[in-house]
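One structure is given below, encoded as structure tokens.
The values are calculated or read from the model by the stated rules, or taken from the named source; none is laboratory data. Computed from a prediction, not measured in an experiment: that's the story for all the values here. Heads up, the Cβs are rebuilt from the backbone with ideal geometry, glycines too, and the neighbour counts pull from every protein chain shown. Areas reflect the complete protein model, heavy atoms only, side chains present, ligands, DNA and RNA absent. Shrake-Rupley method; radii C 1.70, N 1.55, O 1.52, S 1.80 Å.
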Amino acid sequence: MPELPEVEAVRRQLRPVMVGSRLACVHAARPDLRFPFAADFVSRLTGQTIRALRRRGKFLLADLASGD
């Protein structure tokens with residue numbers, strides 16, 4: 001598990017590249033994550049614009065233009 005300062009460093013490096021970008025293609029390859037993906041997960045994310053990239057603990061969260 002990465003330390004929180006490392007997660008924050010990754011967020012700061014990804015933010016300039018990701019914020020304002022569109023998700024052209026989404027691939028959900030890990031159905032065994034903490035929670036299963038919703039049935040429409042890929043279709044809901046494809047084409048969305050990333051409005052913000054933030055951190056909650058050790059997780060990186062992307063706020064999308066759709067409000068998701």
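Mind checking whether some residue in the range 29-41 is at positive phi, of a type outside the set (Val, Ile, Thr) and open to solvent by less than 70 Å² (accessible area, probe 1.4 Å)? No; the residues of the range 29-41 include none that is at positive phi, of a type outside the set (Val, Ile, Thr) and open to solvent by less than 70 Å² (accessible area, probe 1.4 Å).
Kindly evaluate residue 64 against the criterion of being open to solvent by less than 40 Å² (accessible area, probe 1.4 Å) and touching a helix residue (DSSP H, G or I) at 6+ places or on another chain (Cβ under 8 Å). Write out each step before concluding.
Working: open to solvent by less than 40 Å² (accessible area, probe 1.4 Å): yes; touching a helix residue (DSSP H, G or I) at 6+ places or on another chain (Cβ under 8 Å): yes.
So residue 64 passes the test.
Is it fair to say residue 34 is farther than 17 Å from residue 68 by Cα and outside any helix (DSSP H, G or I)? In short, yes. Beta carbons closer than 9 Å, at least 6 apart along the sequence or on distinct chains, pair a first residue in the range 42-68 that is part of a strand (DSSP E or B) with a second that is surrounded by 11 or more Cβ atoms within 10 Å (Cβ to Cβ) and acidic (Asp, Glu) for 50/63; 51/63; 52/63; 53/63; 54/63; 55/8.
Mind checking whether some residue in the range 8-15 is assigned to a loop (DSSP other than H, G, I, E, B), open to solvent by less than 60 Å² (accessible area, probe 1.4 Å) and touching a strand residue (DSSP E or B) at 6+ places or on another chain (Cβ under 6 Å)? There is no residue in the range 8-15 that is assigned to a loop (DSSP other than H, G, I, E, B), open to solvent by less than 60 Å² (accessible area, probe 1.4 Å) and touching a strand residue (DSSP E or B) at 6+ places or on another chain (Cβ under 6 Å).
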